[in-house]
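S.K.: One structure, as structure tokens, below. Some questions next.
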Amino acid sequence: KLSGSSYATPSTDLLVNGSFDTANQGWTLTNMKYQQNGERPTRYVEQWANNTSVGTGSATQTIKNLPAGAYRLVGMANAQFQTNQSLEITGVALKINDSSYPVSGAWKEYDIVYNHQTDGDLTITFSFESTNANWVCVDGFSLVYGGDYVAYEAAMHKGDWDAALKEAQEALDSYKNVTGEERTALVAETEKVEPTTAAGYDEARDALKNVT
């Protein structure tokens, strides 16, 4: 199931009922409930209070015995005070084990890559604690494994380097009048060996942009 997973070919979804379409499956809910009212295309999980804080609660799921490496959590979340849409929401977060990522505002997608440094369990949690939100929700979660974290992170950064390299090569082809030191610098950057790390891709991307 997880063997051979990479950035380009991640595993299948590891969550049980990540869509929240099936009530009372996969998730442990505290002060939250399944809801189906037209707000979302299918069932989702929420807590709502009438013009006051929803207090404290969570939706959580633990996946046992996972290998170390890169895990990508993607899902929709909502945390707002409906009568004051500009209010910065506090106390709401998505968590993967001990790593926490704040959630604030109307429905939007959250995309998190987590470095699971040693083999073991992963716990995914949507939590709110003494929050100032009156409505919190989650929907459409997925969790996939992408293999070695360093390789995964490098692949994530490779796209920007590819685009910068293409732009530089097109500049060489399109502007034949670029000569002297300017052209020498551009050629030198385009001919460098492809990086192998995320930091290397970022450095090479910046260098290409600086001479293009």
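The values are calculated or read from the model by the stated rules, or taken from the named source; none is laboratory data. What you are looking at is a predicted structure, and each value in this text was computed from that prediction instead of being measured. Don't worry about glycine lacking a Cβ; one is built from the backbone with ideal geometry, like all the others, and counts go over all protein chains shown. We work out accessible area using only protein heavy atoms, side chains counted, and drop any ligands, DNA or RNA first. Shrake-Rupley method; radii C 1.70, N 1.55, O 1.52, S 1.80 Å.
S.K.: Between the DSSP loop rule and a limit of at most 15 other Cβ atoms within 10 Å, which trypsin sites (Lys or Arg not before Pro) in segment 104-212 are left? Let's see the in-between values first.
M.R.: Numbers: sites: 108, 158, 166, 176, 183, 192, 205, 209; in loops: 176, 192.
The qualifying sites are 176, 192.
S.K.: Output wanted: per-residue J couplings in Hz (rounded whole) for segment 36-49, from phi through Karplus 6.51 cos²θ - 1.76 cosθ + 1.60, θ = phi - 60°, x for Gly and Pro.
M.R.: Once rounded to whole Hz, the list reads 8, 9, x, 5, 10, x, 9, 4, 9, 10, 8, 9, 9, 9.
S.K.: Dividing the alpha-carbon radius of gyration of segment 77-212 by 2.2 N^0.38 Å (N being the number of residues), what value is obtained?
M.R.: Numbers: Rg = 21.8 Å, N = 136, 2.2 N^0.38 = 14.2 Å.
Normalised by 2.2 N^0.38 Å, the Cα Rg of segment 77-212 equals 1.53.
S.K.: From a point 7 Å beyond the Cα of residue 206 in the direction of its Cβ, which residues of segment 144-187 have a backbone N at a distance under 13 Å?
M.R.: None, by backbone N distance to the label point.
S.K.: When the gyration tensor of segment 141-206 is built from Cα positions, what are the square roots of 5 times its three eigenvalues, in whole Å, from largest to smallest?
M.R.: Values: eigenvalues 199, 29, 9 Å².
Semi-axes, largest first: 32, 12, 7 Å.
S.K.: Also: Would you mind telling me the share, in percent, of accessible area of the chain contributed by carbon and sulfur at probe 1.4 angstrom?
M.R.: Values: 5220 of 11200 Å².
Ligands and nucleic acids excluded, carbon and sulfur reach 47 percent.
S.K.: Where does the longest stretch of the chain lie that holds no GluC sites (Glu not before Pro) found in a DSSP loop with 13 or fewer other Cβ atoms within 10 Å? Please list the in-between numbers first.
M.R.: Working: sites that count: 39, 88, 129, 191.
So the longest stretch without any such site is 130-190.
S.K.: A follow-up question, please. What are the semi-axes of the equivalent ellipsoid of segment 1-96, taken as the square roots of 5 times the eigenvalues of the Cα gyration tensor, listed largest first and rounded to whole Å?
M.R.: Numbers: eigenvalues 174, 49, 35 Å².
Gyration-tensor ellipsoid for segment 1-96: 29, 16, 13 Å.
S.K.: Right, another one. What does the accessible area per residue of the chain come to in Å², with a 1.4 Å probe and no ligands, DNA or RNA counted? Please report the intermediate quantities before stating the final value.
M.R.: Values: 11200 Å² over 212 residues.
Computed with neighbouring chains in place, this is 53 Å² per residue.
S.K.: May I ask for the angle, rounded to the nearest 10°, between helix 198-211 and the longest principal axis of the chain, with both axes built from Cα atoms and the value confined to 0 to 90°?
M.R.: Tilt of helix 198-211: around 50 degrees.
S.K.: How much length, in nm to one decimal, is gained on full extension between residue 19 and residue 82, taken as 0.36 nm per residue of separation minus their Cα-Cα distance? Can you show the working numbers first?
M.R.: Values: separation 63, 0.36 × 63 = 22.68 nm, distance 2.43 nm.
Working it through step by step, the gained length comes to 20.2 nm.
S.K.: Please report the relative contact order for the chain, taking Cα pairs under 8 Å with a sequence separation of at least 6, and give it as a percent rounded to a whole number.
M.R.: On the way: 452 pairs, mean separation 52.9, N = 212.
Once divided by the residue count of the chain, the mean separation gives 25 percent.
S.K.: So what does residue 157 come to for accessible area, using a 1.4 Å probe and Å² rounded to 10?
M.R.: The value for residue 157 is about 50 Å².
S.K.: Using a 1.4 angstrom probe with every protein chain in place, what is the largest-first accessible-area order of 193, 45, 16? Could you put the intermediate results ahead of the total?
M.R.: Details: 193 130, 45 0, 16 70 Å².
Sorted descending by solvent-accessible area, the residues read 193, 16, 45.
S.K.: OK, next. Please give the FRET efficiency for residue 65 paired with residue 9, using the beta carbon to beta carbon distance and R0 = 25 Å, rounded to the nearest 0.05. Present the calculation step by step, with values, prior to reporting the outcome.
M.R.: Values: r = 22 Å, r/R0 = 0.86.
Here the calculated transfer efficiency is 0.70.
S.K.: If you don't mind, there's one more thing I want to ask. Mean residue ellipticity at 222 nm from the helices of the chain, using -39,500 (n - 2.57) per DSSP H segment of n ≥ 4 over the full residue count, to the nearest 500 deg cm²/dmol? Please report the intermediate quantities before stating the final value.
M.R.: On the way: 3 runs with 51 residues, N = 212.
So the helix-based figure for the chain works out to -8000 deg cm²/dmol.
S.K.: Where in segment 191-212 is the amide nitrogen less than 13 Å from a point lying 7 Å along the Cα-to-Cβ axis of residue 185?
M.R.: Answer for this model: 207-212.
S.K.: Still on this structure: Would you rank 124, 63 by solvent-accessible area, highest first, keeping every protein chain in place and using a 1.4 Å probe?
M.R.: Details: 124 0, 63 20 Å².
Per-residue accessible area, sorted high to low, gives 63, 124.
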